[in-house]
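Report on the structure given below.
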Amino acid sequence: MIEFFINGQPVQAEDNQTVMQAAKAAGFYIPYFCWHPQLSVPGNCRICMVEVEADGGGWMDIACNMPVTKGMRVLTDSEKVRARRKETLQFITLNHPVDCGICDKAGECTLQDYHFEYNGSPSVSRDAKVHATKYFALSERIVLDNERCIMCTRCVRFTREISKTDSLGVQNRADHSLIRPVEDGRFERDAYSDNVVDICPVGALLSRQFLHKARVWYLKPTASVCPGCERGCSINIWHRKSEWALKSLDARQNARIDRVTPLENPAVNGPWICNKGRDLAQIFERARAEQAMQKGKPVELKAALVSARALVAAAKRPVALVSSWASNEELAAFDAALGKRMACHVKTDWHAAPGEPIADELLIRPDKNPNGAAARSRFPALPADARLALPPDTDLVLVWGEGLSFAQLPPKAKIIYLNSYLQPENGHADVFLPISVQTERSGHYTNFQGVVSAFEACFAKKSTVADAVDVFAALAAPAGGSAK
Ligand code: SF4
Ligand code: SF4
Ligand code: FES
């Protein structure tokens, strides 16, 4: 350990730490644009300038690239430092349009925050601003406003060092510099490309999905887990705050996923997620099944539960096909209620979609289900030929979740089906029970490495939809008892 001083206070630094790293670890704030804890250090924005006191005069240097030395005396907020920050911000905003009022990054923009904190003055320049490309289509997912870009090169370094597609670069020099994708379309195929939107410190890189959808202060994040693969990345699901509910005829406007961002978790995904995680609305906002049915005929949920319970009570050779999207709590509830009553197998609810990346060295994993490992720790996996687990005299199959064609089931077996989405199989089940989705309940998943992560409810479920844990309790209740 090396002892040095920040603003007169002793601070312990690890060997080889920079002033930025040691200051951050000790709780001292130094502003930064181009520095990012997971990326290399280009030292190009100069906003992190600090003063070093020394006998016979000191010097100014950038904290992100200056190694700590023993006894060093650093000032992070001296008059000289504040003056230099102000000059740096004047320089950075020379050609910036300062159009915060219409910028999606407003509320999350460090340039806006630093301007407020360290500058606050109008531009001293009398020259006309240099104009650059607006709304440049960087990819199908991302749009670039070159006038807002401060050339920190975080996005370029991300594709070189993290996603390793080397797909962004800087074209031209000085105030004509432009971020551009390489010409072979690699950025379009970068499965992690949306992370550059998060790490862009200003509003230059914008998600097309989210563009002008909402001001961020109208939204709130709910901690969740991406179910897109067995990595189980920690995420924030952003949705409308109730106090800012839209007065809309379409109630879904206030109960939809507005965006998904990574929730930093060093044990699972660090600060990154893949693009599939950003697109969870495409999974969760498919047309929902909200009506219980018996052989395709709509019935009250309570009546459907009574019928399903009668089928369970009457069955001699019942089999359950357990969902690999079930939470740990649901698996435990199922096991306690029906695990001994039925022969249980874990099915694969989701397979990779055509063209979807199967696996890589960063995050993406081949099993496209969030809780398969936890489910298989309780019950054996369903063989590829489902008939091996479904003997011909099977008289009842409880199918939980998606991904199974009823054609694989013994033709004479009764079927109880628990599913959340409108699908043709629903109407073919003897009893169909609509169940809640992950965004309507809380729970935990265990990822392929054994790390347990929690998710919270974002939205309320409809009263005609059941939670799977309540279904299992009702199905195991003694005959004559009341189904919830
Ligand atoms: S687009 Fe954003 S992340 Fe990329 S160089 Fe410009 S300011 Fe930095
Ligand atoms: S790597 Fe897997 S869990 Fe992580 S965001 Fe992508 S799909 Fe979701
Ligand atoms: S953060 Fe140090 S130079 Fe940019």
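The numbers here are math on the coordinates, done by the rules we state, and not lab data. Every value quoted in this text rests on a predicted model; they were computed, and no experiment measured them. Cβ sites come from the backbone with ideal geometry, for glycine too, and all protein chains shown count toward neighbours.
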>> What is the angle, in °, between the Cα long axis of helix 328-338 and the longest principal axis of the Cα atoms in the chain? Nearest 10 is fine, range 0 to 90.
In response: 10 degrees
> Under a 5 Å amide H to amide H cut-off, with H placed in plane at 1.01 Å, what residues pair with residue 288 once short-range neighbours are removed?
Replying inline: 422
>> Using the basic label-point model (7 angstrom from Cα toward the beta carbon), what is the residue 460 to residue 242 distance in nanometres?
In response: 0.8 nm
> What's the angle, to the nearest 10 degrees (0 to 90), between helix 79-92's Cα axis and the longest principal axis of the chain?
Replying inline: 70 degrees
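State the extension gain, in nm to one decimal, for the chain segment bounded by residue 99 and residue 395, taking 0.36 nm per residue of separation less the distance between their alpha-carbons. Working shown, then result.
Details: separation 296, 0.36 × 296 = 106.56 nm, distance 6.64 nm.
Here the segment from residue 99 to residue 395 would lengthen by 99.9 nm.
If I take every Cα pair under 8 Å that is 6 or more residues apart in region 397-455, average their sequence separation and divide by the length, what percent do I get for the relative contact order? Please list the in-between numbers first.
Numbers: 69 pairs, mean separation 14.3, N = 59.
Relative contact order here is 24 percent.
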> GluC sites (Glu not before Pro) within region 293-351: which are DSSP loop residues with at most 11 other Cβ atoms inside 10 Å?
Replying inline: 300
>> Can you give the FRET efficiency to the nearest 0.05 for residue 3 and residue 252, using r as the Cβ-Cβ distance and R₀ = 56 Å?
In response: 0.45
> For the modelled label position 7 Å from the Cα of residue 70 along Cα-to-Cβ, which residues of region 1-16 have backbone nitrogen atoms closer than 12 Å?
Replying inline: 1-4
> Given labels modelled 7 Å from the Cα in the Cβ direction, how far is it in nm from residue 178 to residue 448?
Replying inline: 4.0 nm
> Cα centroids of region 355-424 and region 243-306: how far apart, whole angstrom?
Replying inline: 21 Å
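Using only the Cα atoms of region 43-127, build the gyration tensor, take square roots of its eigenvalues as a ≥ b ≥ c, and label the shape rounded, prolate or oblate: rounded if a/c is under 1.5, else prolate if a/b is larger than b/c, else oblate. Please list the in-between numbers first.
Working: a/c = 2.81, a/b = 2.07, b/c = 1.36.
Judged from the Cα gyration tensor, region 43-127 comes out prolate (a/c at least 1.5, a/b above b/c).
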> How far apart, in nm, are two points set 7 Å out from the Cα along the Cα-to-Cβ line at residue 267 and at residue 212?
Replying inline: 4.3 nm
>> Sort 257-263, 431-437 by packing, meaning the average of other beta carbons within 10 Å per residue, with the highest value first.
In response: 431-437, 257-263
> In region 170-272, which GluC sites (Glu not before Pro) fall in coil by DSSP and have 14 or fewer other Cβ atoms within 10 Å?
Replying inline: 183, 264
> Given 4 °C and 1.567 mPa s, how large is the Stokes-Einstein diffusion coefficient of region 383-424 in µm²/s, with Rh as the Kirkwood radius over Cα pairs?
Replying inline: 118 µm²/s
> Does anything in region 414-436 have its amide N under 18 Å from the 7 Å Cα→Cβ label point of residue 407, and if so which residues?
Replying inline: 423-429
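Which of rounded, prolate or oblate describes region 105-152 when judged by the alpha-carbon gyration tensor and an a/c cut-off of 1.5? Intermediate results must be reported in sequence, preceding the final value.
On the way: a/c = 3.38, a/b = 1.42, b/c = 2.38.
Here region 105-152 falls in the oblate category.
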> For the chain, what's the radius of gyration and Dmax over Cα atoms, in angstrom?
Replying inline: 27.8, 93
> With r defined as the distance between the Cβ atoms of residue 294 and residue 384 and R0 fixed at 30 Å, what FRET efficiency is calculated, to the nearest 0.05?
Replying inline: 0.45
> Relative to the present Cα-Cα distance, how much length would full extension add between residue 303 and residue 351 at 0.36 nm per residue of separation?
Replying inline: 13.9 nm
>> Taking a ≥ b ≥ c as the square roots of the Cα gyration tensor eigenvalues, with a/c under 1.5 meaning rounded and otherwise prolate when a/b beats b/c, else oblate, which class fits region 272-349?
In response: oblate
